1. Within the range 55-91, count every residue that is farther than 26 Å from residue 18 by Cα, at pLDDT below 90 and surrounded by 11 or more Cβ atoms within 10 Å (Cβ to Cβ).
2. For residue 91, work out the one condition from (1) assigned to a helix (DSSP H, G or I); (2) over 26 Å from the mean Cα position of the chain (by Cα) it doesn't fulfil.
3. Within the range 102-131, take every residue that is under 33 Å from the mean Cα position of the chain (by Cα) and not in a helix (DSSP H, G or I) and give me the one that is surrounded by the most Cβ atoms within 10 Å (Cβ to Cβ).
4. Across the range 111-136, what is the number of residues that are of a type in the set (A, V, I, L, M, F, W, C) and either within 18 Å of residue 154 (Cα to Cα) or touching a Phe, Trp or Tyr at 6+ places or on another chain (Cβ under 7 Å) (or both)?
Amino acid sequence: MNDDELVSRTRAAEVLKRNGRTVTAALENVPPDEAKPGRPKRWRVATVKAALARRDALNADYVRNGATASSTTRLTAARARLTESRAAVADMQRRKLEGSLVPIDEVEALWAHQVTVARTRLLAIPAKVAVPLGMAQNAMPRQEIVRREIYAALDELSRSGG
């Protein structure tokens with residue numbers, strides 16, 4: 001076929017053995033060499049070949065610059081991670097509003113207070129039992145005195161919430 005012959009998009013695809021959509025996309029911004037009212041637009045075969053060559057070069061540059069299937073896969077994976085992260089943040093905000101999510105600073109402060117109170121109350125036991133232990137005659141009453149004070153301290157801790 002002569003490069004100066006005028007052809008429609010469909011005929012160009014047949015002659016050049018290319019997909020019709022590819023030819024249409026390549027000619028999208030190329031003005032036709034002949035456009036008569038009521039007739040299909042036509043381009044010279046050389047014009048179609050040049051448009052296809054430009055399109056192929058652009059596609060090669062696109063792939064060469066990293067737009068491959070693996071980069072598309074990475075982009076899709078990154079978007080999925082972003083969506084998961086946003087969902088996690090939304091879930092945490094919802095749980096915080098419901099009151100089922102407590103800031104870690106508050107939990108740490110509460111536990112530090114609980115441990116301090118428990119330590120103070122348990123360290124007070126020896127002073128409370130010193131005199132009664134000195135008055136006890138043998139080991140059994142001494143054990144009972146110590147046990148009673150430990151249970152009293154634990155009971156006080158559980159009732160006070162601290």
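1. Final tally of qualifying residues: 3.
2. Among (1) assigned to a helix (DSSP H, G or I); (2) over 26 Å from the mean Cα position of the chain (by Cα), the lone unmet condition for residue 91 is (2).
3. Checked the range 102-131; the qualifying residue surrounded by the most Cβ atoms within 10 Å (Cβ to Cβ) is 102.
4. Qualifying residue count, the range 111-136: 11.
The values are calculated or read from the model by the stated rules, or taken from the named source; none is laboratory data. As the structure is a computational prediction, the values presented were derived from the model and not from experiment. Glycine gets a Cβ as well: all are built from the backbone with ideal geometry, and neighbour counts include every protein chain shown.
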